[in-house]
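Each remark here refers to the structure printed beneath this line.
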Amino acid sequence: MKQLKSKELGRGRVFVLSLSTGESIKDSVESFCRSHDIACARLSILGGVQAGSTFVVGPHLVDGKETAPISPMTYTTDAPTEFAGVGTVFPNEKGEPVMHLHGTLGRNGISVTGCFRQDARAWLTLEVVLEELIGEGVVRKFDDVLKVSPLHIE
């Protein structure tokens, strides 16, 4: 069995952010982290996302199997939608903070879960609680075959 990799990190500062209609979740969180010198963090988000927000709901399969590179299936909201999510921020190989956010959308009794990327935008208000993590040795490294940046613990 493959050995589980881990890294102990400490707790740092805690911030509360409030995003307004139209603000990009990814851009806002990553920009905030850059301007406050935050390399690593965990976050929780709740509120609403606006129509046109997109997120990944799984990989496309060919004959029941994943492809390389991964071909993501996306879902696009057609109206303002309630949202709750959790995520992390870790640096890429250049030292830039990169957010990874998963969450659930709900509207009119229907729920969809996935990974939010560039095109998710706040609707009305979106509350973010961001807790800085202190330490090193955790980085997102780009995988040339899969075309994603999974987490590596050094």
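For the stretch 99-131, the set of residues classified as more than 10 Å from V49 (Cβ to Cβ), surrounded by 19 or more Cβ atoms within 10 Å (Cβ to Cβ) and aliphatic (A, V, I, L, M) consists of M99, L101, V128, L130, listed by residue number.
Looking at the stretch 33-48, can you tell me whether even one residue there is small (G, A, S), more than 23 Å from F116 (Cα to Cα) and out of contact with any Phe, Trp or Tyr (no Cβ under 9 Å at 6 or more places or on another chain)? Checked against the condition, which is being small (G, A, S), more than 23 Å from F116 (Cα to Cα) and out of contact with any Phe, Trp or Tyr (no Cβ under 9 Å at 6 or more places or on another chain), the stretch 33-48 yields no hits at all. In the set F90, F83, only one residue is in contact (Cβ under 8 Å) with a residue 40 or more places away in the chain, under 24 Å from I153 (Cα atoms), part of a strand (DSSP E or B) and aromatic (F, W, Y); that residue is F90. Picking from residues in the stretch 23-61 that are polar (S, T, N, Q) and more than 14 Å from the chain's Cα centre (by Cα), the one that is surrounded by the most Cβ atoms within 10 Å (Cβ to Cβ) is Q50.
Residues that are farther than 30 Å from A79 by Cα and in a strand (DSSP E or B) were ranked within the stretch 4-22; the one that is nearest to the chain's Cα centre (by Cα) is V14. With respect to the conditions (1) without any contact (Cβ under 8 Å) to a residue 40 or more places away in the chain; (2) within 13 Å of E82 (Cβ to Cβ); (3) surrounded by fewer than 13 Cβ atoms within 10 Å (Cβ to Cβ), P150 lacks only one, and its number is (2). Taken residue by residue, the stretch 39-51 has at least one member that is in a loop (DSSP other than H, G, I, E, B) and farther than 18 Å from E136 by Cα.
Against the numbered list (1) part of a loop (DSSP other than H, G, I, E, B); (2) surrounded by 12 or more Cβ atoms within 10 Å (Cβ to Cβ), D78 comes up short only at (2).
No lab work stands behind these numbers, since they all come straight from the coordinates. Computed from a predicted structure; not experimentally measured. Note that we place each Cβ from the backbone using ideal geometry, even for glycine, and neighbour counts take in every protein chain shown.
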